[in-house]
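Nothing in this text is a laboratory measurement; each read-out follows from the coordinates by a stated rule. Please read all numbers here as calculations on a predicted model, not as lab measurements. We place every Cβ from the backbone using ideal geometry, glycine too, and count neighbours over all the protein chains shown.
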Amino acid sequence: MQPLPSNRLSHTVIAGFGLLLALLLLARQARAHDVGLSVGDYRVSPGGLTARLTFARREGFPAPKEELVRVFAGDARCKVAVSGDEVPVQGDGIEVLLVAECPRGATPSRIELPWLRGKSHTQLVSVHGEGTVAPVDRDIALTGREWSFFTGGAPAPALLGLMGIGAIHIFFGLDHLAFLLGLLLVPVTRRGLLLTLTAFTVGHSLSLLLSSLGVVTLGPRLVEPAIALSVAWIGLENLFRKRFTLRFLLALPFGLLHGLGFANGLRELTSGAVVAPVIAFNLGVELGQIGSLTLFAALLWMADTSPAFRLHGRRALSIALAVLGLGWAVARTVHGG
């Protein structure tokens, strides 16, 4: 057997390790559907503001409550105090009410969220002015740590922000990525792959919408271990099944299952008029899915230049998926989703 050309060998090593690292570096993340999203409702008035902040219960507060928001009137910092205890809200969220008082009755001009620095997190912000205070009824998605109420450079609208969250979320949802990779590891026609991916997309879009509307509700204690088992299933099927012409029939129910996982994370925070947020979030997920599929397909194409990878690499990755899926299922069952 002749040795592999050095360039092919290097491509194989890079591609193989890239795929494995994409799985293994984040394998410790047993819970894959934390959205990294919070909601802030700010009521501005002369002399101060009130801030009603909602976070996902399982993600918790990212900072001491008094430091969740800093309020300024010009250069003067306003005093922020917690009003009452944290309270549970619909959809497994937790809410806290903060009250800010500004010196000499001044009107707040900007807020800071210092804990946003270095975090993959977005706060959906609604700002309401009372009386003659502006702005009135503004909805934005805040990813930077500071925003002025009255100057230019406004952040992205809330729905656009949710689209970005959906696109980013898929890259942190390792179980979703693992499942998509599993779909690419077997020899199928382009038509078969397109049917499979379409069925999966239709499934998770439908369940995301129905779950967010409250038509179908299954908690993370059931959904998260089941999603992990779907990853194990796809790995095992790749190993033991010989033909994959009807795989799209399996992709549809698995898509429904994965959509419930997305919806549980989103529903914790958007329990009001959810149709528009769900559509925006799902569009972002689709963009992220296209990007991840393109990346995986390119890496597999590079790796397939090696006869050794064609013989053993895809099988090894399927084994890795099966092991990871079973491991996640155990971890999520033990930790309650």
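A crude spin-label estimate for the pair L239 and L206, with each label 7 Å from Cα along the Cβ direction, gives 3.1 nm.
Express in nm, to one decimal, how much length is gained between R104 and V334 on full extension, taking 0.36 nm for each residue of separation and deducting their alpha carbon distance. Kindly include the intermediate steps, with their values, before the conclusion.
Working: separation 230, 0.36 × 230 = 82.80 nm, distance 5.36 nm.
Net length gain for the segment: 77.4 nm.
In terms of surrounding Cβ atoms within a 10 Å radius of their Cβ, M163, M302 rank from fewest to most as M302, M163.
Can you put R243, R58 in order of Cβ neighbours within 10 angstrom, beginning with the fewest?
On the way: R243 9, R58 18.
Placing the least packed residue first, the sequence is R243, R58.
In plain terms, the chain from R52 to D75 could stretch by 5.9 nm, reckoned as 0.36 nm per residue minus the Cα-Cα distance. Sorting I279, I170, I319 by the number of Cβ atoms found within 10 Å of their own Cβ, with the fewest placed first, yields I319, I279, I170. Each residue, S126 and I290, gets one label point 7 Å from its Cα in the Cβ direction; the gap between the two is 3.2 nm.
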